[in-house]
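Here the structure comes first, spelled out in structure tokens, and everything after it is commentary.
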Amino acid sequence: MSVYDTMAPDFDRRRALPDGVPETIRQTILRATTAERPRILDLGAGAGRVGRCFVRANDDYIGVDLSYGMLRAFAGSVAAPVATPGLVQADGAHLPFADATFDIVLLVQVLSGAQGWRSLLADAMRVLRPSGALIAGRVVAPEHGIDATMKTRLAAILDGMDLHPYRDKPRDDALSWLSRAMPGRSVLTAATWTAPRTPAAFLLRHGGGARFSVLDDAVKQAAMQELSSWAQEQFGSLDAVFAEEHRFELTVHRLPQGTTT
């Protein structure tokens, strides 16, 4: 069982988007193509945080994830009478689809933890139609907000233990490579919202984060205890609430006209 299988039952609850935001994201994504009924591939679909709205709208949508637990949570979150979502358990670097099959390929909150991003992006481009769009999506929180501040402190705590899970930046490297491979690039803000953030919520949510979860249990416990004590002193209370502006950003990549993958 992978760390993502373990996280699956609570994944969406801890990372839920506000009401209406997934639908706004869907509309922005659909405007990125001229296809009347686009074929959409969602790589790293997870538990369906964004993908559910495509399923409910009866779009031509396929969600792919390596974690069976995530896909099971996704399927269970789509209530009847909506059609069963098209979900496939597969490695994103070895997709079971023919070349030039999809009008849109989505990578939502995937590249930040994708160590094998070159193979992932190469296969994503292979299954994308020449006129299609490869779209990377993510939630952008304030640069100096609670989450960023606590993650910086946690990284410093782990550095003191000679552990560096956050040092590499695969998303930046992946997007730089993608900008060269598919130079028709635009960045869109699909939605904005104000979210309440607390140190306690970060501790709960980040304890199940992909990079942190793979560390030794004793290390995780010690690091979280130290971070909790620091946050208590820094913010006065772990339950201190900070209203912060967030946005959902989509980076759309296209091939130049006349180019084939």
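The values are calculated or read from the model by the stated rules, or taken from the named source; none is laboratory data. Computed from a predicted structure; not experimentally measured. We place every Cβ from the backbone using ideal geometry, glycine too, and count neighbours over all the protein chains shown.
Given the condition within 22 Å of residue 120 (Cβ to Cβ) and either loosely packed, with under 14 Cβ neighbours inside 10 Å or of a type in the set (Asp, Glu) (or both), answer yes or no: does some residue in segment 231-252 qualify?
Yes: segment 231-252 contains one or more residues that are within 22 Å of residue 120 (Cβ to Cβ) and either loosely packed, with under 14 Cβ neighbours inside 10 Å or of a type in the set (Asp, Glu) (or both).
Kindly provide the set of residues from segment 161-193 that are at pLDDT below 95 and either among the small types (Gly, Ala, Ser) or within 27 Å of residue 241 (Cβ to Cβ) (or both), ordered by number.
Matches in segment 161-193: 166, 174, 176, 179, 181, 184, 186.
Is it true that some residue in segment 250-259 is modelled with pLDDT of 90 or more and out of contact with any strand residue (DSSP E or B) (no Cβ under 6 Å at 6 or more places or on another chain)?
No, segment 250-259 has no match at all.
Restricting attention to segment 160-181, which residues are surrounded by 13 or more Cβ atoms within 10 Å (Cβ to Cβ) and over 25 Å from residue 21 (Cα atoms)? If you could, list the steps in order and put the result at the bottom.
First, the residues of segment 160-181 that are surrounded by 13 or more Cβ atoms within 10 Å (Cβ to Cβ): 161, 163, 165-166, 170-171, 173-175, 177-179, 181.
Within segment 160-181, 161, 163, 165, 166, 170, 173, 174, 177, 178, 179, 181 qualify.
Residue check, residue 147 against (1) at pLDDT below 90; (2) crowded, with 16+ Cβ neighbours inside 10 Å; (3) of a type in the set (Asp, Glu), all met but one. Which one?
So the condition that residue 147 fails would be (1).
Could you list, in sequence order, the residues of segment 195-221 that are without any contact (Cβ under 8 Å) to a residue 24 or more places away in the chain and over 18 Å from residue 149 (Cβ atoms)?
216, 217, 218, 220, 221
Of all residues being modelled with pLDDT of 95 or more and of a type in the set (Phe, Trp, Tyr) in segment 212-241, which is nearest to residue 16 (Cα to Cα)? Just the residue, please.
If we take residues in segment 212-241 being modelled with pLDDT of 95 or more and of a type in the set (Phe, Trp, Tyr), then 235 is nearest to residue 16 (Cα to Cα).
Mind counting the residues in segment 2-22 that are modelled with pLDDT under 90 and not in a helix (DSSP H, G or I)?
Within segment 2-22, the first condition is being modelled with pLDDT under 90, and the residues that meet it are 2-16.
If we keep only those that are not in a helix (DSSP H, G or I) too, we end up with 2, 15-16.
Going through segment 2-22 one residue at a time, the tally reaches 3.
Can you run down the residue pairs with Cβ atoms below 9 Å, 6 or more apart or on separate chains, where the first is in segment 182-194 and more than 19 Å from residue 22 (Cβ to Cβ) and the partner is assigned to a strand (DSSP E or B) and among the β-branched types (Val, Ile, Thr)?
Filtered contacts from segment 182-194: 184/252; 185/251; 185/252; 186/251; 186/252; 187/251; 187/252.
Just the residues that are modelled with pLDDT of 95 or more and crowded, with 21+ Cβ neighbours inside 10 Å, please, taken from segment 23-44.
Result: 25, 26, 29, 40, 41, 42, 43.
Quick grid of which residues meet (1) loosely packed, with under 15 Cβ neighbours inside 10 Å; (2) touching a Phe, Trp or Tyr at 6+ places or on another chain (Cβ under 7 Å):
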{"position": "68", "(1), (2)": "no, no"}
{"position": "79", "(1), (2)": "yes, no"}
{"position": "94", "(1), (2)": "yes, no"}
{"position": "123", "(1), (2)": "no, no"}
{"position": "128", "(1), (2)": "no, yes"}
{"position": "136", "(1), (2)": "no, no"}
{"position": "140", "(1), (2)": "yes, no"}
{"position": "143", "(1), (2)": "yes, no"}
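When you go through (1) in contact with a Pro (Cβ under 6 Å, 6 or more places away or on another chain); (2) farther than 24 Å from residue 170 by Cα one by one for residue 69, which number turns out not to apply?
(1)
Of the residues 207, 184, which is at negative phi, within 19 Å of the chain's Cα centre (by Cα) and not charged (D, E, K, R)? I'd like the intermediate steps shown before the answer.
Values: 184 fails: within 19 Å of the chain's Cα centre (by Cα).
Criteria check complete, one pass: 207.
Looking only at segment 167-183, count every residue that is in a helix (DSSP H, G or I), in contact with a helix residue (DSSP H, G or I) (Cβ under 8 Å, 6 or more places away or on another chain) and not acidic (Asp, Glu) and tell me the total.
7
Looking at (1) in contact with a helix residue (DSSP H, G or I) (Cβ under 7 Å, 6 or more places away or on another chain); (2) of a type in the set (D, E, K, R); (3) under 20 Å from residue 247 (Cα atoms), which is the one condition that is false for residue 153?
For residue 153, the exception is condition (3).
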